[in-house]
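S.K.: Please find one structure pasted underneath; my questions will follow.
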Amino acid sequence: KKRMLFAHTHRSWEKDDWANVFFSDEAYIILGGSSASLYVTRRVGEDYAPGKTCPMFKQSSIKVMVWACIALGQKGPLTVVEFPGGKGGRINASIYQEQVLESVYLPYINSLGYKGEKYLFQQDNAPVHTAKLTQRWFECAGITLFPHPPLSLDCNPIENIWHLLKNEIRKRPHTPTSVNELKEAIYEAWENL
């Protein structure tokens, strides 16, 4: 119902209307991550027959979270989100506010000449985005949020950008082998998009 309401509400929007929406999101970039899916076709009873299985690959523990935003005709900034406590750390509302909203997004829209409700900010319904602290920050900053229907990745075009970014990193002649090399590769790939 919420997806349908979103579609009906915005179906008459023109290009100029969409030009004022900044779509944002976070994504994990995992060292050695692959975009390829591997499928095995087999008949009943051939579950473990030779040639009917594929090896399992353990995912690398080296990963970073990135945040970025895009709008029609422009690529906003990208930043690597740093977690305290190292491996297993998670983003929370304070980290999101400090490292993304205050340090990256607000300076960016101010550089564009942000005035009141000229720009709309879209984020999904992750707990860090819907937290009271985050909502209060947007109210205080005077930034209008653009709605995002629950479980609607297809309503955010930045999801396509993550795929392009990861492919750009994979095209590098030298595969990153550390967190710092991965961060360098991410920033370089973002510039190349």
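Since every read-out is calculated from the coordinates, none of them should be taken as a lab result. Note that this is a predicted model, so its numbers are computed, not measured. Here Cβ is always computed from backbone atoms with ideal geometry, including for glycine, and neighbour counts include all displayed protein chains.
S.K.: Measuring from a point 7 Å past the Cα of residue 74 along Cα-to-C-beta, which residues in the range 146-164 have an amide N at less than 18 Å?
M.R.: Flagged as within label range: 146, 157-158.
S.K.: A further question on this structure: Over 29 Å between Cα atoms, which of 75/183; 15/63; 2/118 qualify?
M.R.: 15/63
S.K.: How much length, in nm to one decimal, is gained on full extension between residue 118 and residue 98, taken as 0.36 nm per residue of separation minus their Cα-Cα distance?
M.R.: Extending this stretch completely gives an extra 4.9 nm.
S.K.: Once label points are set 7 Å from the Cα along Cα→Cβ at both residue 48 and residue 171, what is their separation, rounded to one decimal in nm?
M.R.: Using points 7 Å along Cα→Cβ, the separation is 4.3 nm.
S.K.: Subtracting the Cα-Cα distance from 0.36 nm times the residue separation, let me have the gained length for residue 30 to residue 179 in nm, one decimal.
M.R.: Gain in length upon complete extension: 52.7 nm.
S.K.: What GluC sites (Glu not before Pro) in the range 89-168 are in a loop by DSSP, with at most 12 other Cβ atoms within 10 Å of the Cβ?
M.R.: When the GluC sites (Glu not before Pro) of the range 89-168 are filtered for loop state and at most 12 Cβ neighbours within 10 Å, 117 remain.
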